[in-house]
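The values are calculated or read from the model by the stated rules, or taken from the named source; none is laboratory data. This is a predicted model, so every value here is computed, not measured. As a convention, Cβ positions derive from the backbone with ideal geometry for all residues, glycine included, and neighbour counts pool all protein chains shown.
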Amino acid sequence: MTKSELSADGRAHRLYDGNWMPMLGFGVWELSNGAECENSVRWAIEAGYRHIDTAQAYRNEESVGRALRDSGIVRDEVFVTTKFYPAAGADPAVELENSLRRLGLDYVDLYIIHWPAGGPTWAWPGMQQAHASGRTRSIGISNFSVAELTTLLRSAETAPAVNQVQFSPYEHRARLLDACRQVDVVLEAYSPLGHGSHLSSELVATIAERHGRTPAQVLLRWGIEQQVPLLATSRNRDHIAANAKIFDFTLTDLDHKELADLDRTGGTDQAQERKWW
């Protein structure tokens, strides 16, 4: 297997299985199926995003598929993620087929267990079956703590390539990040802007002013400089475009030192402070 690494231009991360994941992705959580989701995905593609992240739980896979088709983008030029809804008795391989039907695709690039409901291992055989079928190029997990990841790895024949978790300067899960790296699992960040709540920080605004950037760009750039792929979400066309412009500046050592004080997790090895499942 190939060790994970960054591309020369810093815009993609190679997973241990050899597949490349763009460092910047567009997430569609809370975007309504229909015009809202379709327009947002189309604007993201126009702005240069080449990773679109959806989920069975979001109920907008149809709109993601339509937006991708309408964009005219070549399938191999976009990285598509969807997530398995871990309901009791559900079969990940069967549910992936349903997702592909809704998306109108022959395969996804990454298929993730959305959260470890019912324990971290029961769904993995079905995930491995989905991977073996070729209907997903990589498989991964989301919201798994170090303990849950360790338990999964003990029985997995195919290891997860990605662990998608909430991650930002406010949720700097340093021990979880380090543990993932030790076993060559790429940590991917969702909600790096805190659903918008992190944008009100006076410190972030001050750093943004120093660089002539937006607070959102500073927070997203912080994740990129942690070598963590991340998902940005917005309904606003201008914000979607602005959030993509994070590869032409760097934060200073002072910026990183100041941002380190924002962490509210104590560098935890947990993926969630309070589980919702």
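Checking the conditions here, which among G126, G118, G134 is among the small types (G, A, S), closer than 16 Å to A161 by Cβ and surrounded by fewer than 23 Cβ atoms within 10 Å (Cβ to Cβ)?
Answer to the check: G134.
Run R173 past the list (1) of a type in the set (K, R); (2) buried (at least 18 other Cβ atoms within 10 Å of the Cβ); (3) modelled with pLDDT under 95 and report the number of the one that doesn't hold.
Failed condition: (3).
Take L149 and decide whether it is assigned to a helix (DSSP H, G or I) and touching a residue at least 60 places away in the same chain (Cβ under 8 Å).
Criteria not met by L149.
Looking only at the stretch 248-265, which residues are touching a helix residue (DSSP H, G or I) at 6+ places or on another chain (Cβ under 9 Å), assigned to a loop (DSSP other than H, G, I, E, B) and exposed (fewer than 15 other Cβ atoms within 10 Å of the Cβ)?
Correct list: F249, T250, T252, D261.
If you go through the stretch 232-244, how many residues are in a loop (DSSP other than H, G, I, E, B), of a type outside the set (A, V, I, L, M) and crowded, with 16+ Cβ neighbours inside 10 Å?
Count: 2.
Just the residues that are of a type in the set (A, V, I, L, M), surrounded by fewer than 24 Cβ atoms within 10 Å (Cβ to Cβ) and not in a helix (DSSP H, G or I), please, taken from the stretch 209-231.
V228
Filter the stretch 62-89 down to residues that are under 20 Å from L230 (Cβ atoms) and either in contact (Cβ under 8 Å) with a residue 40 or more places away in the chain or over 21 Å from the mean Cα position of the chain (by Cα) (or both), then give me how many there are.
3
Check E273 against each of (1) within 30 Å of W43 (Cα to Cα); (2) in a loop (DSSP other than H, G, I, E, B) and name the one condition it does not meet.
If we test E273 against (1) within 30 Å of W43 (Cα to Cα); (2) in a loop (DSSP other than H, G, I, E, B), just (1) comes out false.
Go through the stretch 244-275 and count every residue that is over 18 Å from Y170 (Cα atoms) and in contact (Cβ under 8 Å) with a residue 60 or more places away in the chain.
Number of matching residues: 3.
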